[in-house]
1. T31 to T152: FRET efficiency via 1/(1 + (r/R0)^6), r the Cβ-Cβ distance, R0 41 Å, to the nearest 0.05?
2. Calculate, in nm to one decimal, what T52 and D78 gain on full extension: separation in residues at 0.36 nm each, minus their alpha carbon distance.
3. Based on other C-beta atoms within 10 Å, arrange T50, T34 from fewest to most.
4. So what is log10(I(q)/I(0)) for the stretch 2-156 at q = 0.08, 0.09, 0.13, 0.18 1/Å, when the Debye sum runs over its Cα atoms only?
5. Given points 7 Å out from each Cα along the Cα-Cβ axis, report the D107 to V91 separation in nanometres with one decimal.
Amino acid sequence: MRNAFLVALMLMFVSVATAGGTGGQDEGPNTAETPFSAYEATSPSVDGETWTMSLTLDQSAVDNGTTMQLTTQICTNDGVCDPPVTQEATVSEDGAVYTISVTPPEDHTYVNWRAKVSYTDGDDEFHPFGDWYRTWSSCYYNDGSWGGSASTDDGCVEEEESPGAGFALSLVALTVAAAIGGRSRRT
């Protein structure tokens with residue numbers, strides 16, 4: 001019974017991490033259906049490297065004083081999503097371009113993001129409504145398989161140690177072996 005509960009719980013978490021859209025396919029706003037004229041995002045997102053996204057309001061929105069608030073959420077390959085975080089955006093002088101940056105943790109699946117657009121009449125609008133735009137990572141687990149430029153059939157490509165680190169470890173091992181060997185000859 002306990003194992004069935006754990007399996008059901010894991011399936012729930014995996015479905016949360018893979019909900020919406022097509023695995024590996026970034027999703028962003030359709031500029032014809034939103035108050036945005038453009039957006040750019042680092043793609044794919046990479047573990048431990050800065051991910052940046054810029055969203056541009058169309059000119060009519062800028063002219064009427066519309067503002068935005070951008071929120072991110074990072075999900076990991078084990079099916080867990082961090083709580084949403086409202087980001088401090090850098091805003092261009094003309095008020096059109098909002099830019100945010102985050103550094104995804106190791107083993108992340110994707111970076112979710114959305115915009116809260118606030119109009120001068122006090123109305124707010126969420127884009128997308130009830131969902132997230134998404135930038136997939138260079139190594140993600142989705143629908144039972146691994147994908148992305150840094151993935152293998154078994155998971156993510158491990159970062160290789162630098163040659164200097166391997167050389168240093170070998171030198172330490174040889175030094176320890178020589179010291180132990182020297183002591184055993186004396187006894």
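1. Plugging the Cβ-Cβ distance into 1/(1 + (r/R0)^6) gives 0.70.
2. Net length gain for the segment: 7.0 nm.
3. Fewest-to-most Cβ neighbours within 10 Å comes out as T50, T34.
4. With one equal scatterer per Cα and no solvent, log10 I(q)/I(0) is -0.26, -0.32, -0.62, -1.04.
5. 3.9 nm
No value in this document is a laboratory result; all are computed from the given coordinates. These figures come from a predicted structure and were not determined experimentally. Methodologically, a virtual Cβ is constructed for each residue, glycine included, from the backbone with ideal geometry; neighbour enumeration extends over all protein chains shown.
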